[in-house]
Amino acid sequence: MTTRLPSYIVADIPEPIRSKIQAMRESFGTPTALLPVEITLLGSSGVGPIPAGTSIQAIQEQIDLLFAPIAPWNASFAEIRAFPNTAIAYLSPSDRDCFDRIHAILRGSAIPYTESAFPFNPHCSLRSGAATPQELSRVLEHSFPVEPFRIDTISVYDFDSSAIHCDLIYQRQLTAEQVSGGNGG
């Protein structure tokens, strides 16, 4: 079996933070509310998505191999930002080190990917689409969850950009033991 559409590898945001972010997205009324609440590790920036037609078994094998030694890690969000010259607003992690490290591991793996014009920027999207300056300011000034959460699930999604719809094709729980004094990953 192969991927039907371009696919993305993500770090899922757990409850209760997921529901809080989803409520924010819904209040902004944009297509982003239809997407999983996550931080993309491969496919959005740094490198593009996994091409359609890639073996799902090969993706699963690589995910299992690459993530076997990676422990769950703690994260939190520091601020809401917007990508330059866009109305795409996102939550920026307080510490991006684990996300950068895992992106580099995925980039150097046997998982195929397409090119991206943008450098890697770990983020959780909040809104997309056209916006007036006032609408964007409202998003950028919105309160957001600042409490720490634990990243312990990695997922792979097929993404249909025309329908703004994702299908989960694989999920991996992080189970490696955390090294004393470290933050995992």
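The values are calculated or read from the model by the stated rules, or taken from the named source; none is laboratory data. Keep in mind that what you see is a predicted model, and the values were worked out from it rather than measured. Cβ: placed from backbone, ideal geometry, glycine included. Neighbour counts: every protein chain shown. Ligands, DNA and RNA are excluded from the accessible area calculation, which covers all protein heavy atoms including side chains. Shrake-Rupley method; radii C 1.70, N 1.55, O 1.52, S 1.80 Å.
Scanning the range 81-96 for residues that are open to solvent by less than 30 Å² (accessible area, probe 1.4 Å) and either aliphatic (A, V, I, L, M) or over 14 Å from the mean Cα position of the chain (by Cα) (or both) turns up Ala87, Ala89, Leu91. Out of all the residues in the range 11-32, which are touching an Asp or Glu at 6+ places or on another chain (Cβ under 9 Å), among the β-branched types (Val, Ile, Thr) and open to solvent by 10 Å² or more (accessible area, probe 1.4 Å)? Scanning the range 11-32 gives no hits. For the range 40-57, which residues satisfy the criterion of being farther than 26 Å from Ser128 by Cβ and surrounded by 15 or more Cβ atoms within 10 Å (Cβ to Cβ)? Matches in the range 40-57: Ile56 only.
Residues of the range 145-156 that are under 16 Å from Ser76 (Cβ atoms) and crowded, with 16+ Cβ neighbours inside 10 Å: Pro145, Phe149, Ile151, Asp152. Taking the criterion of being closer than 13 Å to Ile164 by Cβ, touching a helix residue (DSSP H, G or I) at 6+ places or on another chain (Cβ under 6 Å) and at pLDDT 95 or above, the only residue of the range 19-36 that qualifies is Arg25. Any chance the range 130-146 includes a residue that's touching a Ser or Thr at 6+ places or on another chain (Cβ under 8 Å) and within 25 Å of Ser7 (Cβ to Cβ)? The answer is no; no qualifying residue exists. Here is a check on your reading of the model: is Phe99 open to solvent by 70 Å² or more (accessible area, probe 1.4 Å) and not small (Gly, Ala, Ser)? Answer is no for this residue. Looking at Ser116, Ser76, just one residue is open to solvent by less than 60 Å² (accessible area, probe 1.4 Å) and more than 18 Å from Thr153 (Cβ to Cβ), and that residue is Ser116.
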